[in-house]
Amino acid sequence: MPVRIFNNIPSINAQRILGTNNDRLAQSVERISSGIRINRGADDAAGLAISEALHSDIRALRQAVRNANDGIS
């Protein structure tokens, strides 16, 4: 009596595709709900680097203004 092994390749493929689509949906919902363009470095690495540099410049300028105000008073 031969032993038969059954598999359901279409079901496995459908499950894989469903998982991929679920991940993409979660990423889209995260982007929409946060309201910001870059949520993590993987979204736009160059944009994140530019953003961090600009934030650093802003902090430095704010400190310079505080130092100038302290020097005036």
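The values are calculated or read from the model by the stated rules, or taken from the named source; none is laboratory data. Note that the structure is a prediction, hence the values are computed from the model and not measured. Glycine also receives a Cβ, built like all others from the backbone with ideal geometry; neighbour counts cover every protein chain displayed.
Residues in the stretch 27-52 that are modelled with pLDDT of 85 or more and surrounded by fewer than 10 Cβ atoms within 10 Å (Cβ to Cβ): ILE32, SER33, ALA46.
Looking at the stretch 27-38 only, could you name the residues that are of a type outside the set (Val, Ile, Thr) and more than 11 Å from the chain's Cα centre (by Cα)? Selection gives SER33, GLY35. Taken together, the criteria exclude SER56 from residues that are surrounded by fewer than 10 Cβ atoms within 10 Å (Cβ to Cβ) and part of a helix (DSSP H, G or I).
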